[in-house]
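One structure is given here, and the rest of the page talks about it.
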Amino acid sequence: MNSFSETEVLSEIKAVEVMEQSNTPPGNTDTELSEEEKREIDSEFSRYEDRASVGLEALRIVQKHRGWVSDESLQAVSDYLEIPPAQLESVATYFQLIFRQPVGREVMLLCKSASCWIMGCSRLQVHIRNRLQIAPGQTSEDGIFTLLETPCLGDCDKAPVMLVGEQVHHNITEKSIDKWIEQKIIQHKTTDADQLPD
Amino acid sequence: MPTITIDGEDYEVDGEQNLLATCLSLGINLPYFCWHPAMGSVGACRQCAVIEYKDTEDQHGKLVMGCMTPVKDGGLYSVIADAAREFRGGIIEDLMTNHPHDCPVCEEGGECHLQDMTEMTGHVQRRYRGSKRTHRNQYLGPFINHEMNRCIACYRCTRFYRDYAGGSDLESLGRNNQIYFGRQKDGMLENGFSGNLVEVCPTGVFTDKTFSQHYVRKWDLQTAPSICEHCAVGCNTAPGAREPGNGGRAILRRVTNLYHRDINGYFLCDRGRFGYDYVNSDHRLENVLAARGDRLIESTARSGEKIHRILPPADAVGRFAQTLAAAQLGRRRLIGIASPRSSLENNFALRQLVGGANFFCGLARRDLELLHLVDRVQRDPRIHSPTTPEIESADAVLILGEDIDNTAPRIALAVRQAARNRQKQRARDLKIPLWQDASVRQLDGNPSPVLLIGTGTPALEEIASEILHCTADQTASFATAVVGFLRRDEPEQTELPESLRELARRAAERLSAAQRPLIVSGCGNRSVDIVNGAAAVACALAECEQGDREQCDLYLACPEVNSLGIAQLFPPGGGQLEQLAGQLRAGDGDTPTTLVILENDLYRRCDRRTVDTLLAGADEVILLDTLLNTTARHADLVFPAAATAESEGSYINSSGIAQRFYAVYEGAGFIQESWRWLANAAAACEEYPGNDVLAGCQHVHELSAALAGKFPALGVLAGLGPDEHYRIDGLKVARQSHRYSGRTAIRARDHVAELPPHRDPDAPMVFSMEGIQNAARTTLQANIWSPGWNSNQSIQKFLQGVGGRRKGAQGSRRIERAAQPLEDWHPQNTKAAATFSAATDLVLVPLHRMFGSDELSARAAAIASVIDEPYAVISAGDAEQRQIQHGDLLQIRIDSEHYAVEARISATLPRGTVGVPAGLPGLESLDCHLPGPAAVERIHGGESP
């Protein structure tokens, strides 16, 4: 296992390259939207002035169903909303929570703003990196964890914080992270095993 | 006018402008990035910070952004205050944290706005020691390089490409420190104005890829004011040339925009910017060619084509002079064929040589008639041919049967701006200054009415309020109906269905309600009825009781750069090629005939049979041209003619504006201007009258003056631009910058002595750096440079205020044609020729393409690489009926000619018509049949190649 020091990690904080696209897109990359996706997108139209404004919601809906937004999915949304793909890409790459490359099932958004930094988020990042062998922007080999950085989550009094899904983890430590990681590994392995055909 | 104080000086200023534009108009250097004179302010870059003081007591003031600050009467400002300077330096330092220090290998270097602004702020020390963010670049097609690391995120590119030009495939992507300007994926930029990114980008993110092929620094380019020869709009250009490193003859290296307030402003289309490379193509003629007497067996040449060999120019001129002598003695008939893509002076020289009676225009009958009609329409006192700013200020536009995005692209860009006038009016009502670009663009409200009737204009459909795809006949009927509604008498009986009558009524209402309505049409459909219809609508609008206008704006797009010029040289009713062919067929006793063809490929003008007859009827064919074309292959003697960038002369654009262009460099080999070859022959011929202007002609100005004397309408030519005697402070204007490098070294291989500067006896300019280099003195300076301003942004130093005219004498003037009211027009229902067989035939209609329809630019390497293979567009209904699928191979049959084309299906093309790309390589000889009937059949799968 490779081990990383805090300074090494700091010097590499360059965030994810925006235009990077995965070479091995797993998951649903259908070039057509499913009926359900279309239905959900349709229900958004009433809330916006024009079709183009629904772009962000449509991307979110597609991501909900497919885990991430592939080039094919983006094109499908673009065709459905009748807006240029470049315009949709502009929206997709602006919002951090629209994933344009495959992510793991647990996306860890580690806050890197000032309070969390004072409280040692860089150290925690090194820890995660050593534990899961992933740098920010990467997904662990088992496909469970993706590590991303995020600006302030607004819980500075409970720093350092990490957002996973809709749950915010407060006052995280190496120990609490390890514990959470172990839990998640077991949880996903069990679900996978359950889903295997007998 | 408000009075403001900047750094203790009082100025009276235009209150409509923001503070930045005001400073620049006053000649005060204030750095900026995101502001653009044509696009206004968004306040993105924070570079133009100045101090604004509350009153004279205020010692500190506050920082404001010049581009976002309206000037107010009595305002106190400081540009040079330390706080402002420091702030501006800080902005540069921030921008530089990510900007690579790659100026030596960057093609923007030496004409980089970022370099200039960095110098201007005085910032020199960078404190940032971290790594810089890097990006992956995209392939953006054969015209534009992409180097994203250099980006300073000023947003000018998307503001131009998306907001101004309506492109949809270039966007800002990402966020924070990772902003990326590019496409969704690699691929050619689709918008026809993408080339302007090269000039709009303040640094080296977007650079000219065709220029990369033969790159030199801006200061090493030799420039002169020129006119784009690829359509009839007459955009001003600044071509740049320089000899290669081995000291050979100069080659043309790029074209950039040259500001002309009334025509192109700050922008060019991609055909104009990248079409220049035809002069460097393999098809270029550089030597005199003569047909060999012997015939090669099993040659691949078509019948009538000749095998040529190179002839020494002196011999060729001698041979030409003998022909001339025979003609003078009445032993030979000399016939001249003119060209709408050559200068007035070249055409006039030919006319002098052969005489008015033997001078033919080089166009087919219907093309010449159409040009004469355009000329007649423009003479009507009720009609005004608008300038580009006038087009931009129209508040209702009717486009009748002209795909201006492809026939007059710069005009389409202006119409796109006109569509925003209702929004701008709303901004005025809300007291939002028009330069507040982002605020104005956010305002609600429908765009100003733009009605597209007839031929599809895909690029403008998104801004159109009404679109009707219909045939040329229906377009004319529609115009008639509009006229009827405008005149408030019940429209004459037309074949229009009720829905179209309703549309015509709405069109009439919108146009008559507008302050400044604009009608746009042209020769694109080769339909006399459409031009007449457009003229009738404009006349009716001018006479309309509503509005107090006496004239109505009507823009008629002509096909070629000097189409309207040619129309001036021929009286209506004669001079067309069919007439000449008829004369030659009839024969003229035993007198042998020589055809002298000026810069014209006749096989693009008339059907093959007519041209073959014409050429066969002559005993000798002499051609002067730039590129080896089909006509050249049939000629006995071919003289290499100078291209626009290599010659001096005048063109008349679609609006009737005569403009002078100057030689940027001297053509390679034996290339010289066509009129010089003619003058050489005349001078070498003893029998030719010595008192004729051509015989002793030394300078092109002599021809211009003679032209002005002969044709009253062209009188303006006499005073158009200064002649070769022009001096400023005893000097001519320099074509080279004063940093032009290596003028001794470049020839050192042959000669180590410093040669005297290359003289130019013909122009008010010199081919060297010794001469006037002064932005404010003359419009002849095309090297857009001013101390401290190396980039093209220095253009503001050449203008009478931001967006104003050039300083110095104007090089363009409207020709003065005698006013003559049009007769009332009644459309005639002339149906297509009797040969039309409804069972198999469809009507071919021309589709104009930005890349491919123009003869010359199609030979430019980069443009040639994006021209489609021959295709034809068929309506969905006809396709279904004939069981034609997209991609099928079709055969078009006209007379004895066959063309194999790929089928494309269109939902908008009217039934019964087939769209054929006009002039597309491979279909050039089909062009003259458009519009017209032809048999169109599917070639069955097995037979397709």
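Only loop residues by DSSP count here, and only those with at most 11 other Cβ atoms within 10 Å; note down the GluC sites (Glu not before Pro) in segment A:116-198 that meet that. Taking segment A:116-198 and a limit of 11 other Cβ atoms within 10 Å, the loop GluC sites (Glu not before Pro) found are A:Glu141, A:Glu166. Take the accessible area of chain B alone and of chain A alone, subtract that of the pair, and you get about 1500 Å² summed over both chains, using a 1.4 Å probe. Principal-axis analysis of the Cα atoms of chain B puts helix B:313-328 at an angle of about 50° to the longest axis. Using Cα positions and a limit of under 23 Å, work out the lysines in reach of B:Lys431, with same-chain residues fewer than 8 apart set aside. Output for B:Lys431: B:Lys54, B:Lys72. Ordering B:469-475, A:134-140 by mean Cβ neighbour count within 10 Å, with the highest value first, yields B:469-475, A:134-140. For the peptides B:254-267, B:605-618, the ranking by mean Cβ contacts within 10 Å, running from highest to lowest, is B:254-267, B:605-618.
Dividing the summed -39500 (n - 2.57) terms of all DSSP H runs of n ≥ 4 by the residue count of the protein assembly as shown sets its mean residue ellipticity at 222 nm at -8000 deg cm²/dmol. Rounded to the nearest whole Hz, the Karplus-based 3J(HN,Hα) values (6.51 cos²θ - 1.76 cosθ + 1.60, θ = phi - 60°) of segment B:99-116 follow the sequence 6, x, 8, 10, 3, x, 10, 8, 6, 7, x, x, 9, 9, 5, 5, 4, 4, with x at glycine and proline. Give me the percent of Cα-Cα pairs in chain B that sit more than 57 Å apart, rounded to a whole number. Value for chain B: 12 percent of Cα pairs lie more than 57 Å apart. A Cα-only calculation for segment B:3-96 places Rg and Dmax at 12.5, 37 Å. What whole number of Å gives the distance from the Cα centroid of segment B:602-670 to the Cα centroid of segment B:131-191? The distance from the Cα centre of segment B:131-191 to that of segment B:602-670 comes to 40 Å. Charge dipole (Cα centre; +1 on Lys/Arg Cβ, -1 on Asp/Glu Cβ; no other charges) of chain B amounts to roughly 1660 debye. Ordering B:404-417, B:426-439, A:40-53 by mean Cβ neighbour count within 10 Å, with the highest value first, yields B:404-417, B:426-439, A:40-53. Close amide-amide hydrogen proximity is noted between B:Arg849 and B:Ala918, each under 5 Å apart and 5 or more residues distant or on a separate chain (H modeled in the peptide plane; Pro and chain starts excluded). For peptide B:180-193, the mean count of partner chain Cβ atoms within 10 Å of a residue's Cβ comes to 3. Computed with a 1.4 Å probe over protein heavy atoms only, the accessible surface of segment B:676-760 comes to 52 Å² per residue. Averaged over its residues, segment A:110-171 has an accessible area of 46 Å² per residue, based on protein heavy atoms and a 1.4 Å probe.
Specify whether the C-alpha gyration tensor of the protein assembly as shown places it in the rounded, prolate or oblate class, a ≥ b ≥ c being the square roots of the eigenvalues: rounded for a/c under 1.5, otherwise prolate if a/b is larger than b/c and oblate if not. Don't skip to the end; give the middle numbers.
Numbers: a/c = 1.77, a/b = 1.51, b/c = 1.18.
Because a/c hits 1.5 or more and a/b exceeds b/c, the protein assembly as shown counts as prolate.
Per residue of B:163-175, other chain Cβ atoms within 10 Å of the residue Cβ number 4 on average.
If the cut-off is a Cα-Cα distance under 14 Å, which aspartates and glutamates reach B:Lys185, setting aside same-chain residues fewer than 8 apart in sequence? Answer for B:Lys185, where 14 Å is the Cα cut-off: A:Glu20, A:Asp71, A:Glu72, A:Glu89, B:Asp169, B:Glu171, listed by chain and number. Answer rounded, prolate or oblate for segment B:841-943, using the Cα gyration tensor with square roots of eigenvalues a ≥ b ≥ c: rounded when a/c is under 1.5, else prolate when a/b is larger than b/c, else oblate. Judged from the Cα gyration tensor, segment B:841-943 comes out prolate (a/c at least 1.5, a/b above b/c).
Quantify how strongly other chains surround peptide A:81-91 by giving the mean number of their Cβ atoms within 10 Å of each of its Cβ atoms.
Values: counts 0, 0, 1, 9, 6, 14, 5, 2, 9, 11, 2.
Partner Cβ neighbours, averaged per residue: 5.
Coupling constants for segment B:559-565 follow from the phi torsions by the Karplus curve (6.51 cos²θ - 1.76 cosθ + 1.60, θ = phi - 60°), and in residue order they are x, 10, 4, 10, 3, 5, x Hz; glycine and proline get x. Put simply, the amide H of B:Ala641, placed in the peptide plane, has neighbours under 5 Å in B:Asp625, B:Thr626, leaving out anything fewer than 5 places away on its chain. On C-alpha positions alone, give me the angle between the axis of helix B:344-354 and the longest principal axis of chain B, in degrees, nearest 10. Computed tilt is about 20 degrees.
The C-alpha atoms of chain B define a longest principal axis, and helix B:674-684 lies at about 50 degrees to it.
Database remark: amide H of A:Gln138 closer than 5 angstrom to the amide H of A:Leu147 (H placed geometrically; neighbours at sequence offset of 5 or more, or on other chains; Pro and chain starts carry no H).
Please work out whether segment B:372-563 counts as rounded, prolate or oblate from its C-alpha gyration tensor, where a ≥ b ≥ c are the square roots of the eigenvalues and a/c under 1.5 means rounded, while otherwise a/b larger than b/c means prolate and anything else oblate? Write down the numbers at each step before the final one.
Values: a/c = 1.55, a/b = 1.36, b/c = 1.14.
The shape class here is prolate.
Comparing A:Gln63, A:Ala76, A:Ile41 along the charge dipole axis of segment A:35-94, the residue lying farthest to the positive side is A:Gln63, per the Cβ-charge model. Couplings for segment A:152-168, taken from phi via the Karplus curve 6.51 cos²θ - 1.76 cosθ + 1.60 with θ = phi - 60°, read 2, 9, x, 10, 4, 5, 10, 5, x, 10, 9, 9, 10, x, 9, 9, 9 Hz in order; Gly and Pro are left as x.
The values are calculated or read from the model by the stated rules, or taken from the named source; none is laboratory data. From a predicted model like this one, the values you see are computed outputs, not experimental measurements. Here Cβ is always computed from backbone atoms with ideal geometry, including for glycine, and neighbour counts include all displayed protein chains. Note: areas computed on protein heavy atoms with side chains; ligands, DNA, RNA excluded. Shrake-Rupley method; radii C 1.70, N 1.55, O 1.52, S 1.80 Å.
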